[in-house]
Amino acid sequence: MSASGNELVELRNQQLWVNGEPLPLISGEVQFFRMDCQVWETTLLNLKKLRIPIVSTYLSWRRFEPFEGEFDFEGRTDPRLDLLAFIDLCIKHGLYLNVKPGPWICAEEKNGGYPDWLVEKSSLQVLDSNDRVVMGYNYPFQSPIPSYLHPDYLNAVERWMRAVDAKIKPFLYPKGPIILMQLDNEPCYTFHDAFFESDYNPVNTGENGYYQRWLKDRYLSIDVLNQAHGRLYQGFDQVRAPRSLEDINSHFSAYLDWAIFKEDLLCRHVDQMGKFHCQNGVNGPMFTINYNLHPQLSTPNNWSKLEQVSGIGGFDYYPSLPMNWPDFVTMVLAVQYSLRVNRMPWSPEIMTGIWQFEGQENESGKIAPESFRYLYLTCLAFGLKGLNFYMLADRDNWIDSPIDADGQLTRYAQAVEPVVKLMRSVPGFFEMNTEQPCGVLFNHRDARAAFIVNQDSNQERKNAYSRPYNAFLKMYELLLRANINPALEDLDVCDLDPVRRPFLVAFLHPKTQAELLEALEAYVDQGGTLILVTDSIAAVNGLVEQFLQPAQHGLGKRAALHGRGKYLFLDGDAELQDLPKILQKNGLRLPVAADNPEILTVLRTNESASLLFVINPGSEPQKTKVNVPGNWTFTELFPFLAETPAQTGKAIELSARSIRVFMQDLG
């Protein structure tokens with residue numbers, strides 16, 4: 001699927017360009033169909049005051065097609081449904097649009113936006129491994145879920161999108177303001193996509209279902225599949241999707257295939273959404289896709305694959321606020337992975353305000369604006385270059401947004417305004433990068449193994465199969481805490497480069513793939529320093545025996561030279577704690593140093609400016625001195641922080657869970 005059929009809307013060097021000019025990918029969510037029409041214009045005017053150039057909005061299928069085949073985009077049944085009137089207001093005030101017609105939108109809507117008449121059709125419904133109907137989303141919006149590849153579901157979606165596209169086609173850029181279009185929303189079966197939870201609808205797992213056909217395309221020969229799965233099938237029609245973990249040790253490849261199939265199924269659905277729009281002549285906007293949080297990174301919503309079948313992908317950032325250390329790590333991990341796999345690191349949804357509905361009531365004013373600002377600045381510090389503030393304007397089931405239900409600015413605008421100012425005012429902000437000499441290897445197979453056993457009641461087996469992925473998380477957190485700010489490396493996406501990443505940390509275990517070991521060897525041979533962490537060097541001796549030669553050049557028994565590079569070996573959790581010291585002893589140099597170990601620092605630079613982020617992720621106030629190469633002087637950017645210069649060698653005070661931002665003009 002093409003990212004955009006319109007050369008006037010494109011991504012170039014991790015930035016959005018419209019008609020040959022760079023446009024900050026900064027937007028605000030305004031769900032007009034849930035707001036009084038009288039406040040639409042006031043809301044848009046205040047959005048402009050915040051210097052936000054793009055309006056983002058869902059179209060809730062259940063509201064615009066409440067009865068099968070009966071549409072209302074003109075406001076005949078409800079004036080809030082007048083889509084064209086809202087678009088006209090965006091045109092009047094010079095605002096671009098990102099239109100998101102689902103088919104699923106979540107958004108604290110009944111059925112997540114699916115029409116009642118659709119989810120009630122029993123033949124379409126998602127089934128779990130026990131053939132029970134899956135009740136998706138959350139109370140009180142729960143409902144059955146339509147199976148993504150069921151022909152009757154796709155026919156209904158095609159009709160819905162044909163109706164939407166007929167209305168918006170006259171407003172596609174350059175004739176109108178629509179420059180972006182989201183394909184579906186957080187593809188995940190409405191948060192019910194665990195390994196045995198979905199989707200066992202017969203269209204996938206029945207006779208000659210999509211799963212059997214997918215396996216045939218993957219293996220071509222039943223003999224090859226039998227060898228991989230440890231089975232004796234006579235034909236692909238005999239293969240059944242796994243429904244329990246009783247024989248995982250003997251047939252792990254079969255479980256792995258079901259995990260990969262689930263990833264590909266979600267991608268196929270998103271791809272089909274894009275094809276529907278293109279068939280309708282909507283091929284000018286850039287297509288987008290968003291990812292939601294899962295226990296394991298990039299599975300079953302495979303970030304890279306989903307972006308390939310859409311246009312530009314990004315993660316939705318919803319930590320608990322005020323953000324504690326575990327949430328901080330999760331958010332930064334997502335930013336780092338986005339930097340590695342996405343064409344532009346951005347957030348299709350970053351939380352502002354909070355949901356409020358029966359069963360999940362939240363007290364208004366409970367979260368301070370500073371907590372939101374801390375989230376935004378964290379994401380910018382570590383690399384995000386685009387944000388969609390969700391929700392920018394209050395609507396039903398949502399409170400404490402920067403714009404209230406009357407269209408007026410609230411105190412929460414104090415969180416958004418300076419962040420937008422930073423992004424739009426710093427010279428070359430969208431061209432800024434961070435030096436990251438150290439990386440951590442993300443092994444997708446290990447993440448899938450943890451995903452497979454996530455529901456397992458056998459704790460011993462669960463621990464065994466989750467261990468490699470959990471070790472990856474532990475290594476990443478340890479390095480982040482040591483102010484090393486490690487990058488993520490995913491060999492499914494990009495080759496290793498020892499020039500860009502001279503240090504790499506990887507967890508090794510007896511079932512590590514041979515091709516991965518070959519890639520690591522090539523990395524070292526080309527000059528990289530590889531730190532291999534294992535539970536037992538003896539356990540992997542057969543895999544890497546060529547690396548475990550007698551000590552060379554006085555390096556000791558836990559080190560070996562190879563080609564132009566070096567191997568270092570750490571055995572178990574006890575030695576892992578020494579990882580930051582070992583890296584620095586072997587030549588790792590931090591771009592910025594802080595004398596307080598509780599403080600993190602990030603330096604982002606381009607040819608004309610440099611930003612220094614000094615971060616206190618803890619719950620207590622801290623002081624620190626920061627040393628930057630060159631003895632530079634940085635000036636603080638905004639009045640919501642102390643208006644004093646920060647000079648090398650002078651102490652900086654930080655309140656709990658806060659970030660101070662300084663700029664050095666290099667021009």
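Here are the numbers for the structure shown:
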quantity: Hits in region 360-409 (condition: aliphatic (A, V, I, L, M), assigned to a strand (DSSP E or B) and more than 21 Å from VAL335 (Cβ to Cβ)); calculated: ALA393, ILE399, ILE403, LEU409
quantity: Out of VAL420, VAL440, sole residue that is in contact with a strand residue (DSSP E or B) (Cβ under 8 Å, 6 or more places away or on another chain), in a helix (DSSP H, G or I) and of a type in the set (A, V, I, L, M, F, W, C); calculated: VAL420
quantity: Some residue of region 194-204 being in contact (Cβ under 8 Å) with a residue 24 or more places away in the chain and charged (D, E, K, R); calculated: yes
quantity: Where MET273 falls short, out of the listed (1) surrounded by fewer than 19 Cβ atoms within 10 Å (Cβ to Cβ); (2) aliphatic (A, V, I, L, M); (3) not in a loop (DSSP other than H, G, I, E, B); calculated: (1)
quantity: Selection from region 146-164 of residues that are in contact with a Ser or Thr (Cβ under 9 Å, 6 or more places away or on another chain) and either charged (D, E, K, R) or open to solvent by 10 Å² or more (accessible area, probe 1.4 Å) (or both); calculated: HIS150, ASP152
quantity: Options TYR374, TYR318, TYR337; residue that is modelled with pLDDT of 95 or more, at negative phi and either more than 15 Å from the chain's Cα centre (by Cα) or of a type in the set (A, V, I, L, M) (or both); calculated: TYR374
quantity: From the options VAL9, VAL30, VAL99, residue that is open to solvent by less than 50 Å² (accessible area, probe 1.4 Å) and over 24 Å from GLN272 (Cα atoms); calculated: VAL30
quantity: Test result for PHE472, in contact with a strand residue (DSSP E or B) (Cβ under 7 Å, 6 or more places away or on another chain) and part of a helix (DSSP H, G or I); calculated: yes
quantity: Subset of region 376-397 [open to solvent by less than 10 Å² (accessible area, probe 1.4 Å) and within 22 Å of GLN360 (Cα to Cα)]; calculated: PHE389, TYR390, MET391, LEU392, ALA393
quantity: Members of region 615-635 that are in a strand (DSSP E or B) and in contact with a helix residue (DSSP H, G or I) (Cβ under 9 Å, 6 or more places away or on another chain); calculated: ILE615
quantity: Hits in region 48-76 (condition: open to solvent by 60 Å² or more (accessible area, probe 1.4 Å) and touching a strand residue (DSSP E or B) at 6+ places or on another chain (Cβ under 9 Å)); calculated: LYS49, ARG51
quantity: For THR190: the one exception among (1) of a type in the set (S, T, N, Q); (2) out of contact with any Cys (no Cβ under 9 Å at 6 or more places or on another chain); (3) open to solvent by less than 10 Å² (accessible area, probe 1.4 Å); (4) closer than 21 Å to TRP117 by Cα; calculated: (2)
quantity: One residue from PRO177, PRO170 being of a type outside the set (A, V, I, L, M, F, W, C), open to solvent by 50 Å² or more (accessible area, probe 1.4 Å) and over 26 Å from the mean Cα position of the chain (by Cα); calculated: PRO170
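Each row is one residue, and each column tells you yes or no for (1) open to solvent by 10 Å² or more (accessible area, probe 1.4 Å); (2) at pLDDT below 95; (3) touching a Ser or Thr at 6+ places or on another chain (Cβ under 6 Å).
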| residue | (1), (2), (3) |
| --- | --- |
| LEU612 | no, yes, no |
| PRO617 | no, no, no |
| GLU620 | yes, no, no |
| LYS625 | yes, yes, no |
| TRP632 | yes, yes, no |
| THR635 | yes, yes, no |
| PRO645 | yes, yes, yes |
| THR648 | yes, yes, no |
| GLU653 | yes, yes, no |
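The values are calculated or read from the model by the stated rules, or taken from the named source; none is laboratory data. No experiment lies behind these values; they were computed from the predicted model shown. Cβ coordinates were reconstructed from backbone atoms using ideal geometry, including for glycine residues, and neighbour counts include every protein chain displayed. Only protein heavy atoms, including side chains, enter the accessible area calculation; ligands, DNA and RNA are left aside. Shrake-Rupley method; radii C 1.70, N 1.55, O 1.52, S 1.80 Å.
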